[in-house]
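Data first, discussion second: the structure below is written as structure tokens.
The values are calculated or read from the model by the stated rules, or taken from the named source; none is laboratory data. Owing to the predicted nature of the structure, the values given are computational and were not obtained by experimental measurement. Glycine also receives a Cβ, built like all others from the backbone with ideal geometry; neighbour counts cover every protein chain displayed. The accessibility values were calculated without ligands, DNA or RNA, using every heavy atom of the protein model including side chains. Shrake-Rupley method; radii C 1.70, N 1.55, O 1.52, S 1.80 Å.
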Amino acid sequence: MADKRDYYEILYVERTASKPDLDRAYRKLAIKYHPDSSKDENAVEKFKEASEAYEVLSDAEKRARYDQYGHAGLEGGGHQFNDVEDIFEAFGDLFGGGGGGGSIFGDLFGGGGRRSGGGRRSRRGADIRCNVTLTLEEAARGTSKDISFRRRVLCESCEGSGAAPGSQPVTCNTCGGRGQVIQSAGILRVQTACPNCNGAGQQISEPCGDCRGTGLENKKAELTVEIPAGVDDGMRVRVQGEGEASPDGGPRGDCYCFITVRPHDLFKRDGSHLILQLPISYTQAALGANIEVPTLDGPEQLTVAAGTQTGEVFTLKGKGVVDPRGGPAGDLMIQVFIEVPKKLAAEQEKLLRELADLEHQDVLPHRKSFVEKLKTFFDTDTQPQET
């Protein structure tokens with residue numbers, strides 16, 4: 001360990017350097033010592049040395065151990081890069097890799113996938129999206145859903161080669177069959193995959209008639225997807241390897257199922273909690289009651305205390321929705337409100353009026369029927385007498 005250089009010194013940064021500072025410093029060194037462009041006879045070792053330093057300092061946990069104990073704190077925990085390809089596999093995102101390589105680093109270093117024979121990088125197949133609609137019960141408990149969609153798969157006629165059956169490939173005119181070309185970026189000259197043949201060194205002489213040379217064709221796919229319990233509206237479920245095929249032998253993409261949960265007639269959802277608005281009568285609120293309430297697992301008994309007010313919330317622990325990330329289940333929160341009847345039976349009205357008298361409350365007088373009002377109006381005995 002004594003002969004290893006300080007990682008901060010290797011990257012030419014201060015010990016207080018931020019993550020963006022580390023990224024910038026590493027990119028500069030990666031360009032300077034890239035083996036395909038640097039004339040330094042020790043370029044490979046310096047490139048690997050800078051990559052090892054960056055791998056440690058860009059990881060908060062490893063950096064903390066290194067700051068406290070130096071190289072000794074990383075025994076068995078540091079990454080040893082065997083070759084340059086290991087570095088691009090580890091830091092593909094930094095150089096624009098992993099999805100086709102859109103940045104200058106991806107273009108310069110040929111980022112965008114795994115290498116296949118001859119130095120060519122094989123691209124990963126495209127991801128696809130499908131929509132899955134669930135009821136609240138399905139989302140809460142988990143379910144299996146049959147889905148269908150269209151995706152590109154390897155062409156059956158040419159087996160994904162893109163060439164018509166029986167035809168022979170021809171040597172690429174751009175790279176002369178080498179699969180690599182030299183590109184210049186300012187003073188930097190970098191060897192990259194040939195843009196004309198994508199590093200294959202050969203081109204199709206006669207394209208397949210079914211896929212028009214792409215090697216892919218559209219097909220309908222049908223899958224049964226396992227939806228885990230607790231998913232919520234807007235979440236997505238990843239089905240690995242069920243996306244589109246790679247056009248050049250790389251891994252398939254993934255299928256992402258975007259979840260929509262229908263509104264429920266009784267329950268509203270708040271994360272892992274459920275909310276139920278429950279009407280109760282005046283007598284239940286005043287005297288207290290045991291009420292049967294609905295839950296996703298069936299009816300439960302709820303004790304409403306005497307003197308309960310409108311808006312009070314009662315909680316049934318663990319009767320909400322499970323956490324799809326493994327946390328505890330949420331609660332069912334029951335908010336009560338006192339429901340006033342629009343019509344009363346005669347006995348109910350009589351008792352309430354007696355209660356109002358006991359409480360010395362002013363209430364509207366008993367309403368006469370329309371017929372009774374007419375009798376009073378036409379009764380001459382009740383009309384005022386002339387003097």
Completion exercise
Of the residues in region 151-202 that are among the β-branched types (Val, Ile, Thr) and modelled with pLDDT under 80, the one that is most open to solvent (accessible area, probe 1.4 Å) is Ile187
Practice task
Sort through Gly106, Gly78, Gly102, Gly112 and tell me the only one that's open to solvent by less than 60 Å² (accessible area, probe 1.4 Å), in a loop (DSSP other than H, G, I, E, B) and either basic (Lys, Arg) or modelled with pLDDT under 50 (or both).
Solution key: Gly112
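Table: residues versus (1) surrounded by 18 or more Cβ atoms within 10 Å (Cβ to Cβ); (2) without any contact (Cβ under 8 Å) to a residue 40 or more places away in the chain; (3) more than 30 Å from Phe149 (Cα to Cα).
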| residue | (1), (2), (3) |
| --- | --- |
| Pro247 | yes, no, no |
| Gly253 | yes, no, no |
| Gly271 | no, no, no |
| Ile275 | no, no, yes |
| Thr283 | no, yes, yes |
Handout entry: Looking only at region 323-357, and only at residues there that are modelled with pLDDT of 90 or more and open to solvent by 60 Å² or more (accessible area, probe 1.4 Å), the one that is farthest from the chain's Cα centre (by Cα)
Key = Phe337
Practice task
Taking only region 241-258 into account, find how many residues are at pLDDT 90 or above and either of a type in the set (Ser, Thr, Tyr) or in the same structural domain as Leu352 (by the TED database) (or both).
Solution key: 1
Problem - Residues satisfying the stated conditions in region 293-324, i.e. farther than 15 Å from Gln277 by Cβ and of a type in the set (S, T, N, Q) - result: Gln301, Thr303
Fill in the blank from the handout: Here the residues within region 255-268 that are open to solvent by less than 60 Å² (accessible area, probe 1.4 Å) and over 30 Å from Glu222 (Cα atoms) are Phe267
Practice task
Restrict the check to region 53-73 and report whether at least one residue is part of a helix (DSSP H, G or I), open to solvent by less than 40 Å² (accessible area, probe 1.4 Å) and modelled with pLDDT under 75.
Solution key: yes
Problem - Residue that is surrounded by the most Cβ atoms within 10 Å (Cβ to Cβ), among those in region 285-308 that are in contact with a Gly (Cβ under 9 Å, 6 or more places away or on another chain) and touching a residue at least 40 places away in the same chain (Cβ under 8 Å) - result: Ala285
Practice task
Report those strands (runs of 3 or more DSSP E) wholly inside region 270-325 carrying at least 2 residues which are touching an Asp or Glu at 6+ places or on another chain (Cβ under 9 Å) and of a type outside the set (A, V, I, L, M, F, W, C).
Solution key: 273-280, 300-304
Exercise for the section: Of the numbered conditions (1) over 30 Å from Val336 (Cα atoms); (2) not in a strand (DSSP E or B), Lys220 fails exactly one; give the number of that condition. Expected result: (2)
